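Input: a single structure, listed below in structure tokens.
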Amino acid sequence: MTTSKTPFNRLLIVSYRLPFTIHQTPEGLSLKQNAGGLVSAVLSMAERLGQPGAPVASKIHWVGHADPALQSVDPAVFENETFVAHPVFLDEAVNKGFYEGFSNDLLWPLFHYFPSYASFRESDFTCYQQANARFLEEVLALIEPGDLVWIHDFQLMLLPNLVREARPDTRIGYFFHIPFPNYEIIKLLPRAWRQQLIQGVLGADVLGFHTPDYVQHFLQSVSEVLALPIIGNRVVFPDRSAVVRDFPISVDFAKFNNSGQEDAVVAMRHGYLSLLRHPKLIFSVDRLDYTKGITSRLQGFERFLHQHPEWRDTVTFVMTVVPSRDNIPQYQEIKREIEETVGRINGLFGSIGWRPVVYLYSSLTFTELLALYTACDVALITPLRDGMNLVCKEFVASREDGRGVLILSELAGAAQELPDALIINPTDTQEVADAIHKALVMTPREQEGRMRKMRDRVQNYSVFRWSHDFLKAFDEMMNNPLELETD
Ligand code: GDG
């Protein structure tokens, strides 16, 4: 095992999605970089390229799925000043079974503790294996000695071990973005599937999860499913070990902190506030998903209006839901339930001049998002289960004014880092209603005290620290090899 601290030659990121989408412009096709947490984290590393001590020394290579319609596109289109993208083109039927089927219809509901929504189809698992093998082909076509391969998320659980088997000397990282559930849930998977999935991710040298709980759940599954020895936070194989640790993902604090004062954001914020007669504003934004607890949130707001008539006419809940997967029956059902609940609340409590819930089924621009983060009095974030939840960290980071109250579900990974939020259980309608009331009457002094502590946390553990710590874990492991018994 090498003990050198030499920077990695190149960083190869592998995730289902590429870091950009491809657009038609008058000049031809061009790349538009996505703004998600993972892309920000990787960009932070890219900014350090070429600096002494930088972990990687060249452009970042990114392997991800792309629309087969782009197969004939000039490969130069897939490169910009930071990234070289390597598209994986999947057969349509394979992608359907792999992505819509095994990933979104089985692993997603199961790992978010919705087993009754999970569909167990053997043909989907076959597609999952085939798709992971296709990603391997792309990685193998690229990989050079000294590269670090960093694989992301539940769509690619088999890939770390496939890479390990093909290139045993490669340094491999794996990060899991959704909750890792306890073994009772994992046990619902057929024996052969759970063995392959756990063995698959253990191909990595460093495995990251958002919280210590997820790490414990994973290690328990390793014991139960594969009966491998575990020493401290390492899973021990005869010839190597894998480090399993929590690395709570975060946001680009400075970006959110600074954006609130940009002219466009200020103008939009004022525009929104001038539309409200009594500008007490509650805000939420999520993708349409049954894990996000949107109906429970509305029920909490409904109970609050029922119990506190003095607030009627004076508070507006702006609830944005970003369209997602709405061709799937469970998502159509949740959408219908949301619309029915919004209609009921507005019908029951609204007046000619006041709509209690302003419901938007669309996505927001970054400027709109920032305007709402900084205009609202309360951010109401109530997932029934969420690996981390970046929205709450973005809200906190954007509140340079120190004001605003965060109401946060204890079932989001972020709750473990932000105990100064008003922590609620989203299934407890009364607790949600009470928290809304408490937030609306909270003194500015208490808001500032809570917000300061939350902002300190997000500032000190930003997305840059997340990626830095993850890569540093390789050095630590290599410099502290386990003394493996070989009798
Ligand atoms: C996974 C895990 C984990 C949302 N609507 C709009 C918009 N967004 C942006 C937010 C935020 C991101 O999308 C959502 O982040 P989350 O963390 O809530 O969830 P996911 O990215 O879906 O999923 C999750 C995460 O991975 C990271 O590991 O935290 O638990 O499920 O950045 O700002 N952005 C804009 N308009 C919108 O309408 N501009």
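The values are calculated or read from the model by the stated rules, or taken from the named source; none is laboratory data. All figures in this text were calculated on a predicted structure; none of them were measured in a lab. Methodologically, a virtual Cβ is constructed for each residue, glycine included, from the backbone with ideal geometry; neighbour enumeration extends over all protein chains shown. Surface areas here come from the heavy atoms of the whole protein model, side chains and all, with no ligands, DNA or RNA. Shrake-Rupley method; radii C 1.70, N 1.55, O 1.52, S 1.80 Å.
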Probe 1.4 Å, all protein chains present, accessible-area order of 434, 313, largest first
434, 313
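Between residue 328 and residue 445, what is the FRET efficiency for a Förster distance of 56 Å, r being their Cβ-Cβ separation, to the nearest 0.05?
Result of the calculation: an efficiency of 0.75.
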Stretched out fully, how many nm does the piece from residue 144 to residue 228 gain, at 0.36 nm a residue minus the Cα gap?
27.2 nm
Applying the Karplus parametrisation 6.51 cos²θ - 1.76 cosθ + 1.60 with θ = phi - 60° to the phi angles of segment 153-170, what ³J(HN,Hα) value in whole Hz is obtained for each residue in order, glycine and proline being reported as x?
6, 6, 6, 10, 6, 7, 5, x, 6, 5, 5, 4, 5, 6, 9, x, 8, 5
Counting only pairs 8 or more places apart or on different chains, how many lysine pairs in the chain have C-alpha atoms closer than 13 Å?
4
Show me the trypsin sites (Lys or Arg not before Pro) within segment 151-204 that DSSP assigns to loop and that have at most 16 other Cβ atoms within 10 Å of their Cβ.
187
Limiting things to C-alpha atoms, what are the Rg and the maximum Cα-Cα separation (Dmax) for segment 294-431, in angstroms?
15.1, 42
Take segment 376-443, drop everything but the C-alpha atoms, weight them equally and run the Debye formula without solvent; then report log10 I(q)/I(0) at 0.17, 0.25 Å⁻¹ to two decimals.
-0.54, -1.13
Per q in 0.11, 0.16 1/Å, what log10 I(q)/I(0) does a Debye calculation on the alpha-carbon atoms of segment 228-309 return?
-0.67, -0.94
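Counting pairwise Cα distances across the chain, what percent come out greater than 30 angstrom? Provide the component values of the computation, followed by the final result.
Numbers: 58772 of 118341 pairs.
Here the long-distance tail beyond 30 Å is 50 percent of all Cα pairs in the chain.
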Would you please name the GluC sites (Glu not before Pro) within segment 78-108 that are DSSP coil residues with at most 13 other C-beta atoms within 10 Å of their C-beta?
81
